[in-house]
Amino acid sequence: MGDKYGLRGDLVQGTLDMLVLKTLSRGAMHGYGIVESIQQSSDDILRVEEGALYPALHRLELRGLLAADWGMSENNRRAKYYRLTAVGRKYLAEEASNWARLSGAVSRVMQTA
Amino acid sequence: MKLEWLSVVRLRLRALWHRRRLERDLEEELRFHLAMRAERYQQAGMDTGAASQDARRDFGNFTAWKERCREMWTFYWLETLRQDLRYAARSLRKSPGFTVVAALTLALGIGSTTGIFSVVNAVILRPLPYPEPGRLVELWGNVKRASVERRGTSLPDYADWRDQSHSFEAMSWLEDAQFTLAGGDEPERVAGEYVAHPYFGMLGVRAALGRTFRPEEDEAPQRDRVVVLSDGLWKRRFGGDPGILGRAVQIDGQSFTVLGVMPPWFRGITDAAQLWEPVHMEGTAEDFANRGSVGPAVLGRLKAGVSLAQAQSEMDGICRRIEEAWPATNKGRGVELSPLDRELVGPDVRLSLAVLLVAVGFVLLIACTNVANLLLARSEARQREIAVRMALGAGRGRMLQQLTTESLLLAFVGAGTGILMARGGAGALMAASPITFPSFVRPGVDPAVLLFAVLITCLVGLALGIAPAVHVRSGNLGERFKQAASHAADSRGGSRFRSLLVVAEVALAMLLLVGAGLLMRSLQQLTGIHPGYDPDHVLVLSVSLPRATDDARTVVSARDILRRVAAAPSVEGASIGSDVPLTGESAIFYTAEGQPPVTAQNIPRAYIHAVSPGFFRTLRIRFVAGRTFAENETQDSNVAVVSENVVKRFWPGQDPVGKRIRRGRPDSKSPWMTIMGVVNEMKYRGLPNNPTADPDIFVPISERSRAFALLVRTPLDPASLTPSVRKILHDADRTTVVSNVATMQELMARETARSRFTGWLMAIFAGAALLLAAIGIYGVMAYSVSRRTQEIGIRVALGADRRDVLKLVVGRGMGLMGIGLGIAVAAAAGLTRLIGSLLYGVGPTDVWSFAAAGVGLALVALVACLMPAARACGIAPSVALRNE
């Protein structure tokens, strides 16, 4: 995978969760859409080993952070669409602010060093 | 967030129901992803094959990710358990011989353990059938003599206890008695209780019909004669007539009004009561006021929150005050509070059952070692399979889990059969038991027993899992394969483990054998006991003659009865006495003429029995000096026969005949009685020992005696005489009541019932242990010979003769046995002390019991070793070497 970050291993699990939740905050999406969206928004830097996304999605669904419905995709195939639940929204907000604090702190350290 | 796990469990449970849909959806979802990705690549200009290949590569391991998702939705452990169970069931089915033998062995072990536990549960653990039974206590008056002895209390003391104490919700006099019920065809002797009015309320029982006593009905003096009947008596005697209330029934020649009928299950604390009368029903006002006369124990219910110790200390204070106020009668008297359940099931029975539970637990352990040995042999045969599975990536933990599942499954199959056995067995055991347990004791498989069974089954299953685990070693793969492939030698871990099993088996069996040996030796001593009289060929009956009524009908006298019975065919001799042997308890203080001053602690006390002159001859009691009463000596002649200890205490070395004693304390005014004869000490009040060491005094029985014990000696089987003696008694007077018919031997057997129960069960368990141990030793030795066929063959080829081979096999077996025996002897020396109170006439380290057990076990082990050894001797080197 070269200089791109595979999401499994290099990024902690919580980060993938957060990215998924963030992506879904813009509206319901199927798994493939989420992968595409993350890659595009990160200018292709964050590449997921695509299969790894699904255990994460299912775990979030089980925890009640996501809900899922079957619907028709843009090319008329049955697809499983995930959306944020109220709990998921709240969780995302917490995680986002944590992340901001953490990354802010890290970059401050990196700048002073 | 807090309830997150709940959401997880809920969704997983839902998935459990829709597992097929879950599977389909998951597949479809992931396939959709692949299809989308492939489509995208195709749009970018790739051909179909390359596009879908790249899509798959981007996705990673499809099956693995799908697995990960599915695991999330299911209870993972449940899933593996299901797999393991299926696998275990398949592998057990594949070797039915092993499965049946192992399951049956475990069924025997688990079944008998569960069976004994269900008896323990019913007798000891399950509470009494009364509400809040923990608050019920018995209050015993005790008296300080050489040691503190238990007594009952007197009515005035009871009244003081009741009125002055604050620890009790209620208190009731509780005296068991025999009543003669007349009316109808046959008069009948029935057991009953004298109780105070709170009695029924304390036990939480109400009359099923009518009512129980009111407070004014148990006051002295009695105004009305009232009675409450048991359901059994009401149905049997009065045909269950609901019109019985208010009717008069004839009890002991008086007319009593029936107040109520109790529910069927209720038989009073004595567990035999058929009717209840209020306290103060029998006796005079003088009797009631006498603090010196000692009655029964008192039943009390503690107030909620009051501890036994608090109540005891309050009662101690009350007793000290009574003692100060009435020193003449109450000096040295105290009170002892004892929980009712301890009273109903005594410490001896508790200890016996505990010992039996431990013993049967040992049997279970031995059964387990046998099965462990089987499992070990099996897993050795499966070593290659295990090695392959581990080579293919099965983790060590996963392997152990699978093997444990197998042994657990085996244990539960055994337990299922075992619990069924226990259900039947416990009932049969109670029915066959010579100990009479209270009627509310009904062993069965209740939740506690089931929990126990499941618990020990799990323990057994897990423990058995250890056996094959010695083969699941991580380590060098090649090494493992090599070992699996070689049949040449006993695998080292397996061999050590098997040796351990033999040692454990021998040690456990030895412990049981020693225990059984000690108990059987006690039993032998008990049955060989010489009670000081000859109990063979004697029939004992309780007889109650009708009272002399006002009409001129001449009533039959005790002397008439005696003459008629003595004249009957096959009667060698007959006599009457005031009490039935081994039950009577009528102690008196007495005074010997010219005795030195005595204290409350050593004031002479004896048990007094009124008997006819033929008594000593009927029971073949030996006279040390003097003679029995003459026919014309009556109770007014003031003569007595005493047992040896009276003489030893007051007139050692002198001629006792003609010396005088009298009833009562030194200041008593009762007439002096002349000693006519002296008999040997005898165990007339209890076996193996009299309850107290006091001597016995015999006096002539009154001519007017209406209720007495009749003793008949016959050269025949005494029980066969029962019908003819009954007929003589009824011919003498139709209304004579005969009860408690038993041979003297039966009466003695009742006294030793607990010892026989424990002894025989222990012997059965020890026998089972010995058999299982023999099978186990044989199994291990036979297996080891079969594994070492090649080695033995080489030895023979190199010139070893039969003796050497024999020595090789037997030597190893007996060496292991020796270790086990040594461990057991050391352990037994400590453990048998715990059953010291169950032993009679043998010490807990009785050499004979130990020696017999050791020799017996060694012989059995030798035979078990010899059979495989003989086979080893037959090994021809050529065959052995081709064996590979």
> What do you reckon, is B:Met817 within 37 Å of the chain's Cα centre (by Cα), assigned to a helix (DSSP H, G or I) and at negative phi?
Replying inline: yes
>> Tell me yes or no: at least one residue of segment B:709-721 is within 15 Å of B:Pro613 (Cβ to Cβ), touching a residue at least 12 places away in the same chain (Cβ under 8 Å), touching an Asp or Glu at 6+ places or on another chain (Cβ under 8 Å) and not charged (D, E, K, R).
In response: no
>> Give me the strands (runs of 3 or more DSSP E) completely within segment B:557-661, filtered to those with at least 1 residues that are touching an Asp or Glu at 6+ places or on another chain (Cβ under 9 Å), ordered by residue number.
In response: B:587-592, B:605-611, B:623-626, B:639-643
>> Residues that are outside any helix (DSSP H, G or I), within 11 Å of another protein chain (Cβ to nearest Cβ) and either surrounded by 14 or more Cβ atoms within 10 Å (Cβ to Cβ) or more than 60 Å from the chain's Cα centre (by Cα) (or both): does segment B:7-24 have at least one?
In response: no
>> Looking at segment B:291-322 only, could you name the residues that are at pLDDT 90 or above and of a type in the set (S, T, N, Q)?
In response: B:Ser307, B:Gln310, B:Gln312, B:Ser313
>> Step by step: first the residues of segment B:41-70, then only those that are closer than 16 Å to A:Ala56 by Cα and not in a helix (DSSP H, G or I), then the one that is farthest from the other protein chains (Cβ to nearest Cβ). Which residue is that?
In response: B:Asn61
> Out of all the residues in segment B:93-115, is one or more assigned to a helix (DSSP H, G or I), hydroxyl-bearing (Ser, Thr, Tyr) and farther than 30 Å from B:Gly776 by Cα?
Replying inline: no
> Can you pull out the residues in segment B:25-40 that are more than 10 Å from chain A (Cβ to nearest Cβ) and either surrounded by fewer than 19 Cβ atoms within 10 Å (Cβ to Cβ) or charged (D, E, K, R) (or both)?
Replying inline: B:Glu27
> When residues of segment B:317-358 are filtered for being in the same structural domain as B:Tyr158 (by TED's automatic domain parsing), polar (S, T, N, Q) and out of contact with any strand residue (DSSP E or B) (no Cβ under 7 Å at 6 or more places or on another chain), how many remain?
Replying inline: 2
> When only residues in segment B:676-698 that are of a type in the set (A, V, I, L, M) and not in a strand (DSSP E or B) count, which is surrounded by the fewest Cβ atoms within 10 Å (Cβ to Cβ)?
Replying inline: B:Ala693
>> List the strands (runs of 3 or more DSSP E) inside segment B:157-265, counting only whole elements, that have at least 1 residues being touching a residue at least 60 places away in the same chain (Cβ under 8 Å), under 30 Å from B:Trp140 (Cβ atoms) and assigned by TED's automatic domain parsing to the domain that holds B:Thr735.
In response: none
> For B:Ala273, are the conditions met, namely being outside any loop (DSSP other than H, G, I, E, B), within 20 Å of B:Leu128 (Cβ to Cβ) and out of contact with any helix residue (DSSP H, G or I) (no Cβ under 8 Å at 6 or more places or on another chain)?
Replying inline: no
> Yes or no: B:Val860 surrounded by 15 or more Cβ atoms within 10 Å (Cβ to Cβ) and farther than 19 Å from B:Leu770 by Cα?
Replying inline: no
> Which condition number in (1) within 17 Å of A:Tyr54 (Cα to Cα); (2) within 11 Å of another protein chain (Cβ to nearest Cβ); (3) modelled with pLDDT under 90 is the one that B:Leu3 fails?
Replying inline: (1)
> Going by the structure shown, is B:Glu746 more than 27 Å from the chain's Cα centre (by Cα) and not assigned by TED's automatic domain parsing to the domain that holds B:Leu375?
Replying inline: no
>> Of everything in segment B:825-851, what is modelled with pLDDT of 90 or more, within 21 Å of B:Val503 (Cβ to Cβ) and surrounded by 15 or more Cβ atoms within 10 Å (Cβ to Cβ)? Give them in sequence order.
In response: B:Val825, B:Ala827, B:Ala828, B:Phe850
> Residues of segment B:54-94 being surrounded by fewer than 17 Cβ atoms within 10 Å (Cβ to Cβ), among the acidic types (Asp, Glu) and within 52 Å of the chain's Cα centre (by Cα), which ones?
Replying inline: B:Glu71, B:Glu79
>> For B:Gly97, only one of the following conditions fails: (1) over 48 Å from the mean Cα position of the chain (by Cα); (2) more than 14 Å from chain A (Cβ to nearest Cβ); (3) surrounded by fewer than 12 Cβ atoms within 10 Å (Cβ to Cβ). What is its number?
In response: (1)
>> Is it the case, given these coordinates, that B:Ser338 is in contact (Cβ under 8 Å) with a residue 40 or more places away in the chain and assigned to a strand (DSSP E or B)?
In response: yes
> Does B:Arg803 qualify as being modelled with pLDDT under 85, in the same structural domain as B:Leu511 (by TED's automatic domain parsing) and over 31 Å from the mean Cα position of the chain (by Cα)?
Replying inline: no
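The values are calculated or read from the model by the stated rules, or taken from the named source; none is laboratory data. Keep in mind it's a predicted model, so treat the numbers as computed, not measured. Positions of Cβ are backbone-derived with ideal geometry, glycine not excepted, and every protein chain shown enters the neighbour counts.
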